[in-house]
Amino acid sequence: MEMNPNVSRAVATYQVKQTNERTRELGKALRAYGVEDPDSLLALPMETYAARWLEIRDERWQLRESAQRCGRGSPADVSIAPYRVIASVPGDEVAYVLYDPGAARSPGANDQDPRVPRVMVLHRRGSTWSIIPRDDLIGWGQMVNACG
């Protein structure tokens, strides 16, 4: 209301509640990286951030996190099939890896339809190859925590 005196108290209260909720949700997302605020996330060394990014996309981590959120402690160890590399196309600066994540990670709309393989892109800097990250690179993507 201080910034915009034309806004009613009810609208201003709603806007503050929405902002607070977004801040709480951001805090939950950042805790997966072991930090509490965006500045701490930006201060992480790139290697630490990258390792954590990969870890939180691992299906085993996602299952443990889901079990904790639902109050079940640790889930039983679940056997998860490895990814299968189909082919790779190396280049001087960029390489492509064609891989199959497996049926459990990418169920098709129809069991009769073949799964579409995924492509991992790698970039070389000096003598080191780095994976170009994407949300659908590994894991199950965004998980929905449905407790019940």
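The values are calculated or read from the model by the stated rules, or taken from the named source; none is laboratory data. Fair warning: this is a prediction, and the values are worked out from it, not measured in the lab. Please note: Cβ atoms are built from the backbone with ideal geometry, for glycine as well, and neighbour counts cover all protein chains shown.
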(request) Could you figure out which of (1) in contact (Cβ under 8 Å) with a residue 24 or more places away in the chain; (2) in a loop (DSSP other than H, G, I, E, B) isn't true of Ala50? (result) (2)
(request) Among residues belonging to region 63-103 that are of a type in the set (Asp, Glu) and over 12 Å from Met120 (Cα atoms), point out the one that is modelled with the highest pLDDT. (result) Glu93
(message) Considering only region 108-121, I want to know if a residue exists there that is closer than 26 Å to Tyr33 by Cα, out of contact with any Pro (no Cβ under 8 Å at 6 or more places or on another chain), part of a loop (DSSP other than H, G, I, E, B) and at pLDDT 80 or above.
(response) no
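Quick grid of which residues meet (1) within 22 Å of Leu137 (Cβ to Cβ); (2) aliphatic (A, V, I, L, M); (3) within 16 Å of the chain's Cα centre (by Cα); (4) at pLDDT below 80:
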{"residue": "Ala10", "(1), (2), (3), (4)": "no, yes, no, no"}
{"residue": "Leu26", "(1), (2), (3), (4)": "no, yes, yes, yes"}
{"residue": "Gly34", "(1), (2), (3), (4)": "yes, no, yes, no"}
{"residue": "Ser40", "(1), (2), (3), (4)": "no, no, no, no"}
{"residue": "Leu44", "(1), (2), (3), (4)": "yes, yes, no, no"}
{"residue": "Glu47", "(1), (2), (3), (4)": "yes, no, no, no"}
(request) Could you please let me know if Arg60 is at pLDDT below 80, outside any loop (DSSP other than H, G, I, E, B), more than 30 Å from Asn20 (Cβ to Cβ) and among the basic types (Lys, Arg)? (result) yes
(message) Looking for something touching an Asp or Glu at 6+ places or on another chain (Cβ under 9 Å), of a type outside the set (D, E, K, R) and touching a residue at least 12 places away in the same chain (Cβ under 8 Å) - is there at least one such residue anywhere in region 20-32?
(response) yes
(request) Please identify the pairs in which a residue from region 122-148 that is at pLDDT 85 or above has its Cβ atom under 9 Å from the Cβ atom of a residue that is of a type in the set (D, E, K, R) and outside any strand (DSSP E or B), counting only partners at least 6 apart or on another chain. (result) His123/Glu93; Arg124/Asp92; Arg124/Glu93; Arg125/Glu93
